[in-house]
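Okay, structure first, notes after.
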Amino acid sequence: MNRSLRSTTALAMALGLLSTPAIAGMEEAMGFLDNEINGMSTLSREEQEAEMQFFVDAAEAFQGMDINVVSETITTHEYESQVLAPAFTAITGINVTHDLIGEGDVVERLQVQMQSGQNVYDAFVNDSDLIGTHWRYGQARNLTDWMANEAADVTSPTLDLDDFIGTQFTTGPDGNLYQLPDQQFANLYWFRYDWFNDEKNKADFQEQFGYELGVPVNWAAYEDIAEFFTGRDLSHMGVEGEVFGNMDYGKKDPSLGWRYTDAWMSMAGMGDTGEPNGLPVDEWGIRVNENSQPVGACVDRGGAANSPAAVYAVDKAIEWLEKYSPPAAAGMTFSEAGPVPAQGQIAQQMFMYTTFVPPLVESEAVMNEDGTPKWRLAPSPHGVYWEEGMKVGYQDVGSWTILDSTPVDRAKAAWLYAQFVTSKTVDVKKSDVGLTFIRESTINSDHFTERADGLGGLVEFYRSPARVRWSPTGTNVPDYPKLAQLWWQNIGDAMSGAKSTQEALDTLCSDMEDVMSRLERAGVQGELGPVLNEERDPEYWLEQPGAPKPALENEDEEPKTVGYDELVQSWQQ
C-alpha cells in the first residue's frame, strides 16, 4: 500500500470509519494494482485506487455471497475467469465463479432461464446479436433504468458509458441500454503481406490473371488469389509444405450458423442498404415493416433468406472451402479453424475474426524476428450483389446481460463484477491480453500506439471512423436463440451435400417463418412481435426496389484489387 493511502487508512481506522473487510479489501486491491496492472491503465495510480475503493465499499453488503456468471471461451474471457475473477473475489469478498462454455451453450442456458424463470446464472456475457430478443421480450434488465434507480448504489461513478465504443449496438430502438459491452472483435480480411509483396509472386500473378496481386476488393479477385496460391510452390521464400489460398470451416455445429449470420450474406449483397443493418431487409434476410415488426424471411413474403443472392453467397463459401482450403477445414468448427492461419500455410482468409489475433502474434511462423507481422488485416471484399451503402462486415460485441429473473441482491453483486472487468483500471491490461477493444480511451492509449506496428492494422482499424460500419446482428431478429439454431442445421445440409443450396435455404426461411408465426400467435412480444405478410408470387417482390434481388444474368464480375496502404487510408475516410 502506498504511503498516502496508508496514512488515509490509518486515520480512517482510528476514527472507526473502515471495517476490517474494507481494510483487507484495499490491501488486496493494492497488491492487484502492483502485481497485475503494474501501471498498464489509462488511469493514474491515484485514480486506480479510488476506483478500487468504490468496489470495496459497494460490495460490503454482499460479503460472502456466491455468484455465478458465464461467457464463451475466448482469450479475453479466459483472462477474466482465471485472473480477474479471483482478484475481484479477494478485493470485494464476493465469491464469483466465472464459467467458460461454448457460445452455443451460453445461448442455450440463457434461453432456459428466460423460459423457466429460474435463475441459472446471475449474469451472462452474451452477444449483442440478442438485442432484438432482449428488447422485445423485456426479460433483460433495462440497464438505463437499473443504473439510475435500483442499482444506483452499486453503479461506479467512473463507469463512463460514453467511453464505450459499442453501446449503440446494445441499445434498443427505445433508447435504453440493455447490455454492457465486455469485448468486441470484428471479422476482417486477413492475408500474408509478405507473400503478396514477393516480386516473383507478383510477376507470376500478373502473367496468369492480367492484373496486379493486391488486396481483393471483390469476391472475383479473392477467388483468383485463392486459386493462385493453392498448391503454389513457395520454396523460394523458404516456405515448406502445401499452402492454401483460403481458410474456412464447415462442420455441422452451432458455430457454422454464425459463419453465415455474421454478415456473410450482406457481404455477398443479399440484403438492403442501410447501416448498421440493412433496412427493411437485414443480413438474415428478415424483412420488417415500418413498426420494426418482422414480416417474413422467404422471398414470397418479401424476405431474402432464400433469394438468388443468398444462394450465391452460400455456393461461393462451399466452393472455396472445397477447392482452396485444407482438407480438414470442412470438418472444423469456429474455434478449431481460427488458429490455423498462425501455422503459416494459409495465404488469405476472407472471414477472420480478430479474436484470433492473439495466437497469430505468438506464432513464429507468421511473425518476423523484429516483432512485426508477416500478415495484415484489411476490409473484407464484397460479392457481386453488394452495392454501396450496404453493411460491410460483422462486429461481435459480447456484453453483460442481467435477466429480471435474477434476485436483486445477486444481480447487484454480478453488476459489480461486470463493472470491475470492464473498468478503466483493468481495461488496457485486459485488452493487451485479448485484443478485444471496448473503450475509446484504451484504443487511443500510449500502450497501443507502441503495440500498433505488431498488430497488422488492428489498432488502425479500431482508431478509424470505419469501425462503426462493422456491426452485430440488429433488431430485425425477434428471437435469436430460436432462429440461430435453424441456420447451422440447414446450412449444414447444404455443406454436406444432403440438399442443394436452394433447397436448404428454402427450408431455412420456412423454418424461420414457422418460429415467427408461433411468436405472432402467442403474442409474447406484444406490439413488437412478428406480423407475417401474406404470401405472394415471388416475382412481385423480386421486381420491387432493393432486397430481395432478382438473379443476375451473369454473376461473374471484373476482379479488382487495391494496394494495402490505400485501403488503410480509406478507413480514415
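The values are calculated or read from the model by the stated rules, or taken from the named source; none is laboratory data. All values derive from a computational prediction rather than experimental measurement. We place every Cβ from the backbone using ideal geometry, glycine too, and count neighbours over all the protein chains shown.
Every residue in the stretch 540-573 that is in a loop (DSSP other than H, G, I, E, B), polar (S, T, N, Q) and either modelled with pLDDT of 95 or more or over 29 Å from the mean Cα position of the chain (by Cα) (or both), please. Can you show your working first?
Of all residues in the stretch 540-573, those in a loop (DSSP other than H, G, I, E, B) come to 543-560, 563, 572-573.
So of that shortlist, the ones also polar (S, T, N, Q) come out as 544, 554, 572-573.
Gln544, Asn554 - these are the residues of the stretch 540-573 that are in a loop (DSSP other than H, G, I, E, B), polar (S, T, N, Q) and either modelled with pLDDT of 95 or more or over 29 Å from the mean Cα position of the chain (by Cα) (or both).
Tell me which of these Asp204 doesn't satisfy, since it passes every other one: (1) in a loop (DSSP other than H, G, I, E, B); (2) without any contact (Cβ under 8 Å) to a residue 60 or more places away in the chain.
For Asp204, the failing item is (1).
Condition check: at positive phi and either in contact (Cβ under 8 Å) with a residue 60 or more places away in the chain or not β-branched (Val, Ile, Thr) (or both). Does Gly474 satisfy that?
No: the conditions fail for Gly474.
Looking at the stretch 478-495, can you tell me whether even one residue there is in contact with a strand residue (DSSP E or B) (Cβ under 6 Å, 6 or more places away or on another chain), surrounded by 20 or more Cβ atoms within 10 Å (Cβ to Cβ), touching a residue at least 40 places away in the same chain (Cβ under 8 Å) and more than 26 Å from Tyr249 (Cβ to Cβ)?
To start, the set of residues in the stretch 478-495 that are in contact with a strand residue (DSSP E or B) (Cβ under 6 Å, 6 or more places away or on another chain) comprises 478.
Imposing the further condition that a residue be surrounded by 20 or more Cβ atoms within 10 Å (Cβ to Cβ) reduces the set to 478.
Applying the additional criterion that residues be touching a residue at least 40 places away in the same chain (Cβ under 8 Å) yields 478.
Cutting the leftovers down to more than 26 Å from Tyr249 (Cβ to Cβ) gives us 478.
Yes, some residue in the stretch 478-495 is in contact with a strand residue (DSSP E or B) (Cβ under 6 Å, 6 or more places away or on another chain), surrounded by 20 or more Cβ atoms within 10 Å (Cβ to Cβ), touching a residue at least 40 places away in the same chain (Cβ under 8 Å) and more than 26 Å from Tyr249 (Cβ to Cβ).
Across the stretch 76-97, what is the number of residues that are closer than 20 Å to Ala413 by Cβ and either touching a residue at least 40 places away in the same chain (Cβ under 8 Å) or among the aliphatic types (A, V, I, L, M) (or both)?
Number satisfying all stated conditions: 13.
Hey, does the stretch 107-124 have a residue that's in a helix (DSSP H, G or I), within 30 Å of Leu33 (Cβ to Cβ), of a type in the set (A, V, I, L, M) and modelled with pLDDT of 95 or more?
Checked the stretch 107-124: no residue is in a helix (DSSP H, G or I), within 30 Å of Leu33 (Cβ to Cβ), of a type in the set (A, V, I, L, M) and modelled with pLDDT of 95 or more.
Quick grid of which residues meet (1) within 17 Å of Asn306 (Cβ to Cβ); (2) surrounded by 22 or more Cβ atoms within 10 Å (Cβ to Cβ); (3) not hydrophobic (A, V, I, L, M, F, W, C):
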{"position": "Phe461", "(1), (2), (3)": "no, yes, no"}
{"position": "Pro472", "(1), (2), (3)": "no, yes, yes"}
{"position": "Leu532", "(1), (2), (3)": "yes, no, no"}
{"position": "Glu539", "(1), (2), (3)": "yes, no, yes"}
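Which residues, counting only those in the stretch 374-413, are among the small types (Gly, Ala, Ser) and modelled with pLDDT under 95? Before you say what the answer is, go through the steps one by one.
Filtering the stretch 374-413 for residues among the small types (Gly, Ala, Ser) gives 378, 380, 383, 389, 393, 398-399, 405, 411, 413.
Selection gives Ala378, Ser380, Gly389, Gly393.
Filtering the stretch 306-352 down to residues that are of a type in the set (Val, Ile, Thr) and not in a helix (DSSP H, G or I), which residue is surrounded by the most Cβ atoms within 10 Å (Cβ to Cβ)?
Ile346
Out of Glu553, Glu527, Glu520, Glu460, I need the residue that is farther than 24 Å from Leu321 by Cα, among the acidic types (Asp, Glu) and outside the structural domain of Ser266 (by TED's automatic domain parsing). Which one? Show your work before the answer.
On the way: Glu553 fails: outside the structural domain of Ser266 (by TED's automatic domain parsing); Glu527 fails: outside the structural domain of Ser266 (by TED's automatic domain parsing); Glu520 fails: outside the structural domain of Ser266 (by TED's automatic domain parsing).
The match here is Glu460.
With the requirement that a residue be closer than 18 Å to Cys298 by Cβ and crowded, with 18+ Cβ neighbours inside 10 Å, what does the stretch 547-573 give you?
Of everything in the stretch 547-573, those that are closer than 18 Å to Cys298 by Cβ and crowded, with 18+ Cβ neighbours inside 10 Å turn out to be Ala547, Pro548, Lys549.
Kindly evaluate Ser44 against the criterion of being closer than 25 Å to Asp160 by Cβ and in contact with a Leu (Cβ under 6 Å, 6 or more places away or on another chain).
The answer is no for Ser44.
Could you please find all residues in the stretch 401-413 being under 22 Å from the mean Cα position of the chain (by Cα) and crowded, with 24+ Cβ neighbours inside 10 Å?
Thr401, Ile402
Output yes when any residue across the stretch 291-305 is assigned to a loop (DSSP other than H, G, I, E, B), surrounded by fewer than 23 Cβ atoms within 10 Å (Cβ to Cβ), at pLDDT 95 or above and assigned by TED's automatic domain parsing to the domain that holds Asn218, and no when none is.
Yes.
Looking only at residues in the stretch 275-287 that are surrounded by fewer than 24 Cβ atoms within 10 Å (Cβ to Cβ) and either among the aliphatic types (A, V, I, L, M) or over 21 Å from Tyr312 (Cα atoms) (or both), which one is modelled with the highest pLDDT?
Ranking the qualifying residues of the stretch 275-287, first place goes to Leu279.
Report whether or not Ser255 is at pLDDT below 95, in contact with a helix residue (DSSP H, G or I) (Cβ under 8 Å, 6 or more places away or on another chain) and either farther than 28 Å from Thr230 by Cα or among the acidic types (Asp, Glu) (or both).
It is false that Ser255 is at pLDDT below 95, in contact with a helix residue (DSSP H, G or I) (Cβ under 8 Å, 6 or more places away or on another chain) and either farther than 28 Å from Thr230 by Cα or among the acidic types (Asp, Glu) (or both).
Condition (residue is closer than 25 Å to Met516 by Cα, within 17 Å of the chain's Cα centre (by Cα) and either surrounded by fewer than 20 Cβ atoms within 10 Å (Cβ to Cβ) or assigned by TED's automatic domain parsing to the domain that holds Pro173 (or both)) applied to the stretch 106-120: is it met by at least one residue? Full working, then the answer.
As a first pass, look at the stretch 106-120 and keep what is closer than 25 Å to Met516 by Cα: 106-118.
Next cut, within 17 Å of the chain's Cα centre (by Cα) only: 106-107.
If we keep only those that are either surrounded by fewer than 20 Cβ atoms within 10 Å (Cβ to Cβ) or assigned by TED's automatic domain parsing to the domain that holds Pro173 (or both) too, we end up with 106-107.
Yes: the stretch 106-120 contains one or more residues that are closer than 25 Å to Met516 by Cα, within 17 Å of the chain's Cα centre (by Cα) and either surrounded by fewer than 20 Cβ atoms within 10 Å (Cβ to Cβ) or assigned by TED's automatic domain parsing to the domain that holds Pro173 (or both).
Does the stretch 525-539 contain at least one residue that is assigned to a loop (DSSP other than H, G, I, E, B) and under 30 Å from Glu212 (Cα atoms)?
Start the filter on the stretch 525-539 by keeping residues that are assigned to a loop (DSSP other than H, G, I, E, B), which leaves 525, 529-537.
Restricting the remaining residues to those that are under 30 Å from Glu212 (Cα atoms) gives none.
Checked the stretch 525-539: no residue is assigned to a loop (DSSP other than H, G, I, E, B) and under 30 Å from Glu212 (Cα atoms).
Out of (1) more than 26 Å from the chain's Cα centre (by Cα); (2) without any contact (Cβ under 8 Å) to a residue 40 or more places away in the chain, the odd one out for Ser510 is which?
Here Ser510 meets the rest and fails (2).
Being more than 15 Å from Glu322 (Cβ to Cβ) and either without any contact (Cβ under 8 Å) to a residue 60 or more places away in the chain or acidic (Asp, Glu) (or both) is the filter here; which residues of the stretch 216-227 pass it?
Asp224 - this is the single residue of the stretch 216-227 that is more than 15 Å from Glu322 (Cβ to Cβ) and either without any contact (Cβ under 8 Å) to a residue 60 or more places away in the chain or acidic (Asp, Glu) (or both).
Buried (at least 17 other Cβ atoms within 10 Å of the Cβ), over 30 Å from Ala226 (Cβ atoms) and touching a strand residue (DSSP E or B) at 6+ places or on another chain (Cβ under 9 Å): does that describe Thr144?
No, not satisfied.
Within the stretch 397-464, considering only helices (runs of 4 or more DSSP H) that don't extend past its boundaries, which have at least 2 residues that are touching a helix residue (DSSP H, G or I) at 6+ places or on another chain (Cβ under 6 Å) and closer than 26 Å to Ser363 by Cα?
424-434, 440-443, 446-451, 458-463
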